[in-house]
């Protein structure tokens, strides 16, 4: 096999060539330096992340059942559940038919599991605490990545939900999020 051909990259020899000849048992370590080839490797012993997710989900059939008398308690409870899942609740808010959460997550978190646990636990809490056995969250959710530079903007957006929804309903807001984020969807399956 020609060592210069792309197919050699799939052989063990080609793999080690890509890895800078960093073959187990050899003492030298290397790093790829864009435009300058291979140089000495500087070990990075930690993982550094900035993963922030803006999550939106509503009540089943967008029923306005999150009453003002206990809404802030629900938001606090959602934040507490997030903490038990080792997620950082940076902001929690919402109105009668949906909630918004800004969450800081770790690399090992699986979003689907996290959302399942948040929704299941909070539904059970509403059932037990307020006796509303009909309370349910919708099956799905929206999750949108947030740049570190926009965290404060998103926190303010979440904090001002009451004011925001005096002008715009949940459906219009959610459709706007999907469109602005470039998420493909079929509106027939949203509600």
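How many of the residues making up segment 149-171 are in a helix (DSSP H, G or I), out of contact with any strand residue (DSSP E or B) (no Cβ under 7 Å at 6 or more places or on another chain) and farther than 15 Å from residue 75 by Cβ?
From segment 149-171, those in a helix (DSSP H, G or I) are 149-159, 161-164, 170-171; that's our starting set.
Imposing the further condition that a residue be out of contact with any strand residue (DSSP E or B) (no Cβ under 7 Å at 6 or more places or on another chain) reduces the set to 149-150, 152-153, 156-157, 163-164, 171.
Next cut, farther than 15 Å from residue 75 by Cβ only: 149-150, 152-153, 156, 163-164, 171.
Matching residues across segment 149-171 total 8.
Provide a single number: the residues in segment 110-137 that are assigned to a loop (DSSP other than H, G, I, E, B) and over 18 Å from residue 72 (Cβ atoms). Walk me through how you get there before you give the answer.
Initially, segment 110-137 is screened for residues assigned to a loop (DSSP other than H, G, I, E, B), giving 110, 131-136.
Adding the requirement that they be over 18 Å from residue 72 (Cβ atoms) leaves 110, 131, 133-134, 136.
Number of matching residues: 5.
Kindly indicate whether any position in segment 98-112 is assigned by TED's automatic domain parsing to the domain that holds residue 142 and on the phi > 0 side of the Ramachandran plot. Steps first, answer last, please.
Restricting attention to segment 98-112, the residues satisfying the condition of being assigned by TED's automatic domain parsing to the domain that holds residue 142 are 98-112.
Add one more test, that the residue is on the phi > 0 side of the Ramachandran plot, and what stays is none.
Scanning segment 98-112 turns up no residue that is assigned by TED's automatic domain parsing to the domain that holds residue 142 and on the phi > 0 side of the Ramachandran plot.
Kindly indicate whether any position in segment 171-185 is without any contact (Cβ under 8 Å) to a residue 24 or more places away in the chain, in the same structural domain as residue 99 (by TED's automatic domain parsing), touching a helix residue (DSSP H, G or I) at 6+ places or on another chain (Cβ under 7 Å) and exposed (fewer than 14 other Cβ atoms within 10 Å of the Cβ).
Yes, there is a match, as at least one residue in segment 171-185 is without any contact (Cβ under 8 Å) to a residue 24 or more places away in the chain, in the same structural domain as residue 99 (by TED's automatic domain parsing), touching a helix residue (DSSP H, G or I) at 6+ places or on another chain (Cβ under 7 Å) and exposed (fewer than 14 other Cβ atoms within 10 Å of the Cβ).
Matching residues to (1) within 26 Å of residue 179 (Cα to Cα); (2) surrounded by 17 or more Cβ atoms within 10 Å (Cβ to Cβ); (3) touching a helix residue (DSSP H, G or I) at 6+ places or on another chain (Cβ under 6 Å):
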| position | (1), (2), (3) |
| --- | --- |
| 68 | no, no, no |
| 89 | yes, yes, yes |
| 105 | yes, yes, no |
| 114 | yes, yes, no |
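Can residue 118 be described as crowded, with 20+ Cβ neighbours inside 10 Å, closer than 26 Å to residue 153 by Cβ and under 19 Å from the mean Cα position of the chain (by Cα)?
Answer is yes for this residue.
Taking residue 144 as the residue in question, decide whether it is surrounded by 11 or more Cβ atoms within 10 Å (Cβ to Cβ), free of Cβ contacts under 8 Å to residues at least 12 places away in the same chain and outside any helix (DSSP H, G or I).
Numbers: surrounded by 11 or more Cβ atoms within 10 Å (Cβ to Cβ): yes; free of Cβ contacts under 8 Å to residues at least 12 places away in the same chain: no; outside any helix (DSSP H, G or I): yes.
It is false that residue 144 is surrounded by 11 or more Cβ atoms within 10 Å (Cβ to Cβ), free of Cβ contacts under 8 Å to residues at least 12 places away in the same chain and outside any helix (DSSP H, G or I).
The values are calculated or read from the model by the stated rules, or taken from the named source; none is laboratory data. The shown structure was predicted, so the numbers you read here are calculated from the model rather than taken from an experiment. Every residue, glycine among them, receives a Cβ derived from its backbone with ideal geometry; neighbour counts consider all protein chains shown.
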